[in-house]
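K.L.:
Can you keep this structure in mind? I'll have questions shortly.
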Amino acid sequence: MARKGPDLEELVRAYFAHLGFFALRSSVYKYENEQVTDIDVWLYGRQSTSARTRTVVDVKNKRSPKAFERILWARGIQLALGCDRAIIATTDDNVDTAKFAHQQKVSLLTKAFLDRIEHKLDTRGRMTFEQFTDNIKKYKQHKQDGDWLRYIADAKSALISSQGYPAFNAAMSGFRFFAERAETRPQHKEQALRGAYLTAALACIALDTALERIAYDNQESRYRAIANGVTYGDAGDARVQNSIRTVLETIEKGMENGRVIAKQAQEAMDKMFENVRADIIAEHFTKEHNARVLVDVAKELDDRAHRVEPTEIQTPSVEAKSVLGVYADHVQANRTVLLNGGARGAEENIAKYDEDAPRTKEKSKQGPDSNQENLL
């Protein structure tokens, strides 16, 4: 095993990405804004319209990997995050390790397996997590200018720590930030575009998780659920709306002139929530033919964000351009900066996709594991 530490994490991430998963490296699990632990690799797969899988992967490549301890840790994190599976990638080749992992319902990627896939995956065209971070740091004032890396870290953390709509809004906050920087910091446009594409990818996965629970709802119900979820940023359970209603009722009944004050407060909040422009997201993704490409687009945008060659960043597919355009409209960002300088052809392609999307070919019908045999 030639790869060490972070390099092994990149190998494992690349392996699962090759199998069709959205594979996210190096994120932080938070509980009530408190950092709990780091997650080496987190996987997301869309099996069907109503079925998703989430997996946590712990990667250890040390002289003393403490595999037994890591197995228990992975099992605990799986339960805490509500993941479907837990996987350990370890250099420990002890036979008892495999038996213990099986007992704890944790899958094991052994040293022999890792050695085998190392020679079958080429990751040279993609930046590692460390290279991506170093690329952002080329902008010396990145921390003073809003803290670019924090926006990315927060969006990644929200995806694995929160429900769909809160995670989507966190990613959109980062997307808005980087879209604005791409326009106003032309000397650092490359770094800003990478950040915008990555946060857009995270937003796609977050939104797909939210849509899972309304997969079979009718159009009107789906529209209302998406609009309310994006507007209020709850888990789709109307908790925020109920809290607002409770506060307004308390004001109305418990204060002098409470009815007038409550009405004024309601009107002010309605105006504030209208500015969220959730209708743009709801209108587009209520349509199943637009929603079903979210995971594929997320994988593509993540890939573009990490391309070693900067000229390959702004060459996404028509589907990805369409999603980027919708997100740009949602946060009131300039589409032309994000879509290859705003060539007229890009805008026309987006419009054409919106019309022809029902005929867009479906991908990965066999699920994320369909390519596994090619690497084994």
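K.L.:
Taking residue 55 as the residue in question, decide whether it is modelled with pLDDT of 95 or more, in a strand (DSSP E or B) and either open to solvent by less than 40 Å² (accessible area, probe 1.4 Å) or at positive phi (or both).
P.N.:
On the way: modelled with pLDDT of 95 or more: yes; in a strand (DSSP E or B): yes; either open to solvent by less than 40 Å² (accessible area, probe 1.4 Å) or at positive phi (or both): yes.
The answer is yes for residue 55.
K.L.:
Let me ask another. Scan (1) in a helix (DSSP H, G or I); (2) modelled with pLDDT of 90 or more; (3) under 23 Å from the mean Cα position of the chain (by Cα) for the single condition residue 311 breaks and write down its number.
P.N.:
For residue 311, the failing item is (3).
K.L.:
Go through the stretch 181-221 residue by residue and tally those that are hydroxyl-bearing (Ser, Thr, Tyr), touching a Lys or Arg at 6+ places or on another chain (Cβ under 8 Å) and surrounded by fewer than 24 Cβ atoms within 10 Å (Cβ to Cβ). Break it down stepwise before answering.
P.N.:
The initial filter retains those residues of the stretch 181-221 that are hydroxyl-bearing (Ser, Thr, Tyr), namely 184, 197, 199, 209, 216, 221.
Checking which are touching a Lys or Arg at 6+ places or on another chain (Cβ under 8 Å) leaves us with 197, 209.
Cutting the leftovers down to surrounded by fewer than 24 Cβ atoms within 10 Å (Cβ to Cβ) gives us 209.
Qualifying residue count, the stretch 181-221: 1.
K.L.:
Hey, residue 80 hits all of (1) at pLDDT below 90; (2) surrounded by fewer than 18 Cβ atoms within 10 Å (Cβ to Cβ); (3) of a type in the set (A, V, I, L, M) but one; which does it fall short on?
P.N.:
Exception for residue 80: condition (1).
K.L.:
I'd like to know if the stretch 89-103 contains one or more residues that are open to solvent by 50 Å² or more (accessible area, probe 1.4 Å), in a loop (DSSP other than H, G, I, E, B) and either on the phi > 0 side of the Ramachandran plot or hydroxyl-bearing (Ser, Thr, Tyr) (or both).
P.N.:
Here is the first cut: in the stretch 89-103, the ones open to solvent by 50 Å² or more (accessible area, probe 1.4 Å) are 93-96, 99, 102-103.
In the following step, the residues that additionally are in a loop (DSSP other than H, G, I, E, B) were identified as 93-94.
Pick out the ones that are also either on the phi > 0 side of the Ramachandran plot or hydroxyl-bearing (Ser, Thr, Tyr) (or both) and you get none.
Scanning the stretch 89-103, I find no residue that is open to solvent by 50 Å² or more (accessible area, probe 1.4 Å), in a loop (DSSP other than H, G, I, E, B) and either on the phi > 0 side of the Ramachandran plot or hydroxyl-bearing (Ser, Thr, Tyr) (or both), so the answer is no.
K.L.:
Sticking with this structure for a sec: When the residues of the stretch 297-319 are narrowed to those that are more than 19 Å from residue 135 (Cβ to Cβ) and among the hydrophobic types (A, V, I, L, M, F, W, C), which ends up most open to solvent (accessible area, probe 1.4 Å)?
P.N.:
Among those that are more than 19 Å from residue 135 (Cβ to Cβ) and among the hydrophobic types (A, V, I, L, M, F, W, C), it is 318.
A quick yes/no check of all residues on (1) over 20 Å from residue 79 (Cβ atoms); (2) assigned to a helix (DSSP H, G or I); (3) at pLDDT 95 or above; (4) among the aromatic types (Phe, Trp, Tyr):
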{"position": "11", "(1), (2), (3), (4)": "yes, yes, no, no"}
{"position": "16", "(1), (2), (3), (4)": "yes, yes, yes, yes"}
{"position": "25", "(1), (2), (3), (4)": "yes, no, yes, no"}
{"position": "41", "(1), (2), (3), (4)": "no, no, yes, no"}
{"position": "44", "(1), (2), (3), (4)": "no, no, yes, yes"}
{"position": "59", "(1), (2), (3), (4)": "no, no, no, no"}
{"position": "65", "(1), (2), (3), (4)": "yes, no, no, no"}
{"position": "68", "(1), (2), (3), (4)": "no, yes, no, yes"}
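K.L.:
Residues in the stretch 205-253 that are modelled with pLDDT of 75 or more and not in a loop (DSSP other than H, G, I, E, B): how many?
P.N.:
Of the stretch 205-253, the ones modelled with pLDDT of 75 or more are 205-232.
Remaining after also requiring not in a loop (DSSP other than H, G, I, E, B): 205-214, 219-232.
The qualifying residues number 24.
K.L.:
In the stretch 140-180, how many residues are surrounded by fewer than 18 Cβ atoms within 10 Å (Cβ to Cβ) and among the acidic types (Asp, Glu)?
P.N.:
Matching residues across the stretch 140-180 total 2.
The values are calculated or read from the model by the stated rules, or taken from the named source; none is laboratory data. The structure displayed is predicted, hence computed values, not measured ones. In this analysis, Cβ positions are derived from the backbone assuming ideal geometry, glycine residues included, and neighbour counts consider all displayed protein chains. Only protein heavy atoms, including side chains, enter the accessible area calculation; ligands, DNA and RNA are left aside. Shrake-Rupley method; radii C 1.70, N 1.55, O 1.52, S 1.80 Å.
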